[in-house]
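Taking it in order: structure first as structure tokens, then the write-up.
Just so it is clear, none of the values below were taken in a lab; they were calculated from the coordinates. Please read all numbers here as calculations on a predicted model, not as lab measurements.
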Amino acid sequence: MSSRVGVLSIIVEDGNSVESLNSILHTYGEYIIGRMGIPYREKGISIISVAIDAPQDIISSLSGKIGNLKGVSAKTVLSNVVSNE
């Protein structure tokens, strides 16, 4: 199955969704290369970037589950780097 490298950008506006978000990210942990979170206290939001290397369907599933959380937005940018595993 081919694997793609990408970045998932997440903005959390509802702090009550953080536990669910962390649970989802933990579930997909084997595909996550790294994660950076920045609390923007002045605006009351958190900005999270997740670097991922996974099959396209896994990336889409992860992004969709996160985007369905209340007060959470997610967008994915994929590179052209594809590897066959």
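Please say if the chain is rounded, prolate or oblate, where rounded means a/c under 1.5 for a ≥ b ≥ c the square roots of the C-alpha gyration tensor eigenvalues, and otherwise the choice is prolate for a/b larger than b/c and oblate otherwise? Walk me through the intermediate numbers first.
Values: a/c = 2.37, a/b = 1.93, b/c = 1.22.
Judged from the Cα gyration tensor, the chain comes out prolate (a/c at least 1.5, a/b above b/c).
Report, in degrees rounded to the nearest 10, the 0 to 90 angle that the Cα long axis of helix 56-67 makes with the longest principal axis of the chain. Result, in degrees: 10. The C-alpha atoms of the chain define a longest principal axis, and helix 18-27 lies at about 10 degrees to it. As a length-normalised measure over Cα pairs under 8 Å and 6 or more apart, the relative contact order of the chain settles at 51 percent.
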